[in-house]
Every structure is written in C-alpha cells, then in structure tokens.
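Chemist: Questions regarding the structure given below will be posed in turn.
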Amino acid sequence: MGISLYLERLLFLSVCVYNVRCSSDANSRDSGGRTEEYRQGFSYFFYQTPEYPRDCREVRDQCSSSISSGVYLIKPDGYPKPFEVYCNNDIDSGGWTVIQRRVDGSLDFRRNWEDYKNGFGFLSSEFWVGNERLSYLTNQNVYELRTDIFLTNNASFYFSYNLFRISDEWGKFALAAVQNYTGDADSLVTFCSQNMVYGNCTCMATCQDPLGTSCQNSCDKGESCVCQEGTLMDGNSCVFPTECGCYLSEENRVLQNGETYVNVACTEKCICNNNQLNCDTNYRCSQDAVCNVKDDVRQCYCNDGYTGDGETCTLDVFRDCNDVRDAGNTQDGVYSILPSGWPGSAFNVFCKMTTDGGGWIVFQRRDRGATGFYRNWASYKNGFGDIQDEFWLGNEKLHYLTQQGTYELRVDLVTSSNTAKYAKYTIFRIDSEASKYRVTNIGTYSGNAGNGMSEVGNDRFSTHDQDNDGYGYDCAEGHKGGWWYGGSYHYSYDRYCDLYYYYYYYYYYYQNRCTKSNLNGEYNGGNGRNLFWDTSHNCNIKYTEMKLRRVS
C-alpha cells in the first residue's frame with residue numbers, strides 16, 4: 001500500500017513503484033542541466049537550478065514528458081531545507097508525492113511521536129515521509145489524496161479525496177480537511193471529529209465523567225478517534241471544559257447549561273448558567289414538602305394535596321374526591337378538599353380511588369366498634385372519629401358537598417361470614433341544618449344488599465337529643481344511633497341471631513315505623529340497637545362504609 005500527494009495542488013496515496021528514471025540514458029546529463037545517479041536501484045536527480053521544486057508536480061513539470069518515477073529533492077514553501085521524496089509519475093498523469101508505503105512488513109510502524117514527526121524508513125521500500133514535512137506540503141496549496149491498495153490475491157483498488165490538509169505540530173498534526181471521496185472501494189479512512197486525534201483507545205474523560213473513570217467510551221479495536229488533551233468527550237465530539245457545563249466535585253459530574261442541582265440535604269440549589277455554577281444557599285423545603293428524588297431529580301417536592309415548587313406549597317383546591325381523582329391521584333387515602341360555598345377552611349376527607357371507578361368521598365365507616373356512635377346532634381353535625389378508621393364526616397359537610405352537583409351514594413357492607421354486599425343510589429342530597437339535614441332525594445336503587453334506604457326519602461336526621469322522626473316514640477334513643485329515622489319499620493327473622501322480632505322494643509303505635517336501616521347503631525348491639533340493613537342483614541353486619549361521588 002502506498003500514499004501519495006499530488007499538487008493541483010492536491011495529495012494522494014500510491015502503491016509501491018520500484019524502477020524510475022528521468023531520461024532514457026542513465027548516468028547522463030540532459031538538456032536541462034540535470035544529472036542522474038543511481039543509488040540502490042533507484043534514480044536520484046540533482047537539480048542545477050537556483051530553486052528547488054516544491055513537490056512532485058513541479059518535479060514532473062520541470063522534467064521531460066517522459067520523466068520516470070523515482071527519488072527527487074523538493075523544498076516546500078517555508079521548509080528550512082530540501083529533502084528527498086519519492087515521486088510517482090506512473091499513475092493518473094503523475095506528479096504524486098508518495099508519503100507512505102507498506103510492502104512486506106519489514107519496517108516497524110509502531111513508533112513514537114518524534115519518529116512520526118520527522119519520518120522514518122527508506123524511500124526505496126517502506127517509509128513514512130514525516131508529519132512535519134507533510135504539514136508544510138499540504139499547507140502551501142490545495143492537495144488531493146490518493147490511496148492505492150494491493151491485496152495478497154493480486155486484487156487492487158484505490159480511493160481518493162480532492163482535498164487533504166493537516167495542521168502543524170501545535171495542532172497535533174490534526175486532519176484539518178478531507179473532502180469528496182471517489183474511487184472503486186469504500187472509504188477505509190477513519191476521520192476524526194473536531195478536537196479529536198487518532199490514537200490508542202482509553203477510558204476517555206467525558207462531560208458526564210470528567211475523570212474518565214466510567215470507561216463508557218471504551219473500544220475493542222485498540223485504536224480510534226480520541227479527544228485531544230485538555231478536551232472532554234461530549235456525545236460524538238470533543239469540547240473544551242468551558243463548553244461542557246459546570247463541574248460538580250461532590251458528585252463528580254457535569255451540569256449542562258440550564259440544568260439545576262440540589263444537594264443531598266436540600267439546603268442548596270445550584271443552576272448552571274454560561275458554564276458558571278450559581279448556588280442559592282437559602283434553598284429550603286416548605287413545611288408541606290419533603291426532600292426526595294423522583295425520576296433521578298433531587299429537590300423539594302410538595303406533599304400530596306399541595307401544589308408548588310417545593311419551597312412554596314399551596315393547598316390544592318379540590319371540591320371533592322372526583323377532582324382529586326381527575327388530578328391524577330389514584331391511591332386511596334386522605335386528601336384536602338374545599339366544597340363550593342363552604343364557609344370554613346379546607347378539610348380532610350378519605351378518598352376511595354380503588355372502588356367502582358374511584359372518586360368516592362367516604363363519610364362513614366364502622367369496622368370493630370372502637371368508636372361510639374351514640375352521639376348528640378352537635379357531634380353528628382360537625383363529625384367525629386378518625387377518617388382513616390371509624391368515623392362520621394359530619395352532616396354540615398354532607399350538606400355543602402351534595403349541593404354543588406348531583407351525587408350518587410354507595411353503601412358497602414360485610415357480614416360476619418365475610419360476605420360482601422353493596423347498595424347504590426343514583427342521587428343523594430342532604431338539605432341544610434334548618435331542615436334538620438333532611439334527605440331531599442335518594443334516587444334509584446341497584447346492588448345486592450337490599451334497598452335499605454327505600455323509606456329514607458324526605459326523612460329528617462335525628463339524634464337522642466333531637467328527636468325529628470315525627471313520631472311519639474324517640475327512634476334515635478331506641479336504636480342507639482343517629483340516622484334518618486321515621487319512614488319504615490324494622491322486622492326480620494334473623495338467621496344468625498335465631499330470633500324473630502317483628503315489633504322489637506316498640507311499646508307505642510308508631511314504634512314499628514322507625515327505619516329499615518341503622519348503620520350508626522350499637523356495634524354488636526342487641527337486635528334493634530345493632531347495625532342492620534334492609535330485611536336480610538341484622539346483627540351480623542361487621543363492616544360498613546358509606547360514600548358519595550359527584551356524577552354531574
């Protein structure tokens with residue numbers, strides 16, 4: 001394989017040539033005053049002219065049209081003294097300055113910087129002309145590059161580029177320009193990007209790993225394009241550190257311009273601007289936020305139910321659990337809501353997101369009897385208990401909630417035999433305290449628990465200290481709870497209690513007109529005071545949960 005330069009001024013790679021001459025008679029002087037001597041089978045021409053040719057094209061032009069390939073003296077512009085080169089005049093009109101030749105492996109090309117700078121080998125066989133000379137050659141005009149390759153099976157091919165130039169030693173003899181490939185083979189030359197040189201592959205330092213410890217850019221071919229000293233790999237190119245971003249010593253990484261960073265304690269926030277790191281040491285999380293890492297980003301994050309940048313968090317204004325669900329929250333739990341017209345501040349509710357499409361506000365729960373439900377009017381008005389355990393949300397809140405749209409009601413029950421039942425009603429609306437929190441609309445029933453609210457429509461709420469059932473008998477006192485009494489009666493043959501009570505505990509005429517459901521009675525209480533629903537579930541109910549959801 002040989003590499004040659006041609007001045008057009010262009011540079012080129014050529015295959016080896018063994019016999020050269022300038023005229024037909026060896027050891028003779030031609031009409032131009034040139035003499036020819038033979039050294040090791042090659043012709044050497046000494047010019048008796050005041051100026052040396054600058055390259056092999058000028059050698060060709062100063063010699064006869066029959067000039068042979070061989071060794072000649074040239075002196076490129078600015079180079080301190082003339083030197084010998086091998087000129088190939090047998091290929092493509094001649095005038096090629098051969099800069100490299102490999103023929104038999106007799107010469108070791110594993111050399112140091114100085115050898116490649118000054119050149120090595122023998123022009124008659126294998127050699128490298130030298131990067132210093134090549135730099136002077138290619139910077140005095142426009143050169144093309146040609147490469148000729150011969151295979152062991154006698155096949156051959158070539159490729160060329162019509163522009164070729166390298167920089168000087170200060171620029172590490174970088175490939176400054178190479179353009180417009182032609183030839184009969186795919187390009188075999190590896191061209192390195194800006195600020196890169198061809199060399200041994202190492203674990204290069206990158207913008208993300210300035211110390212070069214990750215080996216993410218390692219290769220398995222031994223040589224490749226590598227970053228010049230003082231530059232860092234950024235994608236597929238090398239840049240100076242000032243173009244890389246901002247280096248974070250505590251985490252050994254680089255921030256890109258515009259990227260922010262928060263330290264582990266969330267007490268300092270930094271931003272990279274114009275490759276300068278600007279830090280705010282007063283950065284702190286809001287009392288409604290936590291320092292956390294999400295999607296590989298550490299910063300202050302507002303708690304659920306709050307919106308903001310983490311330093312400042314404001315309570316999300318949700319009207320109900322429908323709004324909470326629509327905001328992307330899919331977990332059951334406690335959320336803050338503020339119904340339309342509610343005179344006070346936002347309050348917490350338990351949102352059920354995993355039942356029947358989610359968006360349910362739980363307003364009652366019983367599961368073990370730890371919380372007493374035999375309460376007075378004020379307690380049922382304002383609510384009591386723990387919303388994550390047993391509780392009643394409060395009639396005043398129910399009123400404001402159900403006035404801001406159309407709500408549906410769902411009642412979930414579990415019997416002592418762990419049988420789950422439910423009842424749903426298409427509409428559920430509660431009037432104000434002035435009307436004793438009357439149920440103004442109950443809608444249409446569906447489910448498998450029985451229609452336990454069928455007689456509740458238009459009934460007022462009663463407690464033991466406010467008897468609003470409209471009868472002479474105090475149903476709230478008799479059933480030991482707070483409920484919408486007054487529209488039905490309680491009767492059943494109870495398979496679990498093995499008792500039949502048609503008029504249980506009722507001494508007066510209207511005592512059998514109290515209710516078909518009593519979910520706020522005594523937990524595990526006696527028949528009539530216990531939790532019951534419709535005609536099928538009396539003393540055996542062990543879990544209840546009442547909830548409402550806005551449908552329009």
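The values are calculated or read from the model by the stated rules, or taken from the named source; none is laboratory data. Keep in mind that this is a model prediction, so the values were computed, not measured. Here the Cβ positions follow ideal geometry from the backbone for every residue, glycine too, while neighbour counts run over all protein chains shown.
Chemist: What tally of residues in region 367-393 results from selecting those that are crowded, with 21+ Cβ neighbours inside 10 Å and on the phi > 0 side of the Ramachandran plot?
Modeler: Within region 367-393, residues that are crowded, with 21+ Cβ neighbours inside 10 Å and on the phi > 0 side of the Ramachandran plot number 0.
Rundown of residues vs (1) modelled with pLDDT under 95; (2) among the hydroxyl-bearing types (Ser, Thr, Tyr); (3) touching a strand residue (DSSP E or B) at 6+ places or on another chain (Cβ under 9 Å), yes/no style:
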{"position": "Cys300", "(1), (2), (3)": "no, no, yes"}
{"position": "Asp326", "(1), (2), (3)": "yes, no, no"}
{"position": "Val334", "(1), (2), (3)": "no, no, yes"}
{"position": "Leu338", "(1), (2), (3)": "yes, no, yes"}
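Chemist: Tell me which residues, restricted to region 122-175, are in contact with a helix residue (DSSP H, G or I) (Cβ under 7 Å, 6 or more places away or on another chain), outside any loop (DSSP other than H, G, I, E, B) and under 19 Å from Gln228 (Cβ atoms).
Modeler: Asn131, Glu132, Arg165, Ile166, Glu169 - these are the residues of region 122-175 that are in contact with a helix residue (DSSP H, G or I) (Cβ under 7 Å, 6 or more places away or on another chain), outside any loop (DSSP other than H, G, I, E, B) and under 19 Å from Gln228 (Cβ atoms).
Chemist: Suppose the filter is among the aromatic types (Phe, Trp, Tyr), at pLDDT below 80 and surrounded by fewer than 17 Cβ atoms within 10 Å (Cβ to Cβ); does Tyr198 pass it?
Modeler: yes
Chemist: Looking only at region 275-296, decide whether some residue is of a type in the set (Phe, Trp, Tyr), without any contact (Cβ under 8 Å) to a residue 24 or more places away in the chain and out of contact with any Leu (no Cβ under 7 Å at 6 or more places or on another chain).
Modeler: no
Chemist: While we're on this one: Being farther than 20 Å from Gly521 by Cα, in contact with a Lys or Arg (Cβ under 8 Å, 6 or more places away or on another chain) and not acidic (Asp, Glu) is the requirement here; does Lys397 meet it?
Modeler: no
Chemist: Restricting to region 499-518, name every residue that is buried (at least 21 other Cβ atoms within 10 Å of the Cβ) and either modelled with pLDDT of 90 or more or hydrophobic (A, V, I, L, M, F, W, C) (or both).
Modeler: Selection gives Cys514 alone.
Chemist: Name the residues in region 69-108 that are in a loop (DSSP other than H, G, I, E, B), among the polar types (S, T, N, Q) and crowded, with 17+ Cβ neighbours inside 10 Å, would you? Don't jump to the end; show me each part of the working.
Modeler: At the first step, the residues of region 69-108 found to be in a loop (DSSP other than H, G, I, E, B) are 69, 75-82, 89-95, 102-108.
Still in the list and also among the polar types (S, T, N, Q): 69, 89, 93, 106.
Result: Ser69, Asn89.
Chemist: How about region 255-344: which strands (runs of 3 or more DSSP E) wholly inside it have at least 2 residues that are of a type outside the set (S, T, N, Q) and more than 29 Å from Leu232 (Cβ to Cβ)?
Modeler: So the answer is 289-294, 297-302, 306-308, 313-315, 333-337.
Chemist: Thr355 versus (1) closer than 23 Å to Arg429 by Cβ; (2) over 33 Å from the mean Cα position of the chain (by Cα); (3) at pLDDT 95 or above: which is the lone unmet condition?
Modeler: (2)
Chemist: Let me ask something else. Taking region 420-479, which residues are out of contact with any Asp or Glu (no Cβ under 7 Å at 6 or more places or on another chain), of a type in the set (Ser, Thr, Tyr) and under 17 Å from Asn382 (Cα atoms)?
Modeler: Those that are out of contact with any Asp or Glu (no Cβ under 7 Å at 6 or more places or on another chain), of a type in the set (Ser, Thr, Tyr) and under 17 Å from Asn382 (Cα atoms): Ser432, Ser435, Thr463.
Chemist: Which of the residues belonging to region 460-479 are out of contact with any His (no Cβ under 6 Å at 6 or more places or on another chain), at pLDDT below 90 and either in a loop (DSSP other than H, G, I, E, B) or over 12 Å from Thr515 (Cα atoms) (or both)?
Modeler: Hits for region 460-479 are Asp469, Gly470, Tyr471, Gly472, Tyr473, Asp474.
Chemist: Among the residues of region 116-159 satisfying the criterion of being over 24 Å from Asn195 (Cα atoms) and among the hydroxyl-bearing types (Ser, Thr, Tyr), which is surrounded by the fewest Cβ atoms within 10 Å (Cβ to Cβ)?
Modeler: Thr152
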